[in-house]
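The next block holds one structure in the form of structure tokens; read it before the comments.
Quick note: the coordinates plus some simple rules give every number you see, no bench work behind them. In this text the structure is predicted, and so the values were computed from the model without any measurement. All Cβ positions, even for glycine, are placed from backbone atoms using ideal geometry, and neighbour counts span all protein chains on display.
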Amino acid sequence: MAEVTNICGVAVYLAPDAGRNLTDRILALPGVELEAASGENRLALTVVDTPASLAIDQIAAMHRLPGVVAASLIFHAFDAPDDESASGTEAAACCGGHCQNSGAHARASAI
């Protein structure tokens, strides 16, 4: 079975006097990646589960850092690699493989 990736998009707002050091500390957390920054005070991050930590724990850790005003979850998804054999099985169970929208089977398996 393919491994599912937990993906969180997080908007982080920093205090005006937080300094560059705080951004570096946030980016040092496991599974955290900078996607965009607006000035020194707004960050758009992707946070994913790692073998050693959950994304939600890293978001909570951001909240506890002095100088972080807010860390808000703005996107969440579980992403699984495409598995052609699974969608074929579901098509047979759904409509016997006669569905006119074959992409619907792939979307249903991801939910």
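Close amide H contacts of D49 (hydrogens built in the peptide plane, cut-off under 5 Å, sequence separation of 5 or more or a different chain): N6, A55.
The GluC sites (Glu not before Pro) of segment 1-41 that DSSP puts in a loop, and whose beta carbon has at most 12 other beta carbons within 10 Å, are E3.
Backbone phi angles across segment 35-41, fed through the Karplus curve with coefficients 6.51, -1.76 and 1.60 (θ = phi - 60°), yield HN-Hα couplings of 9, 7, 9, 10, x, 9, 10 Hz in residue order; Gly and Pro are listed as x.
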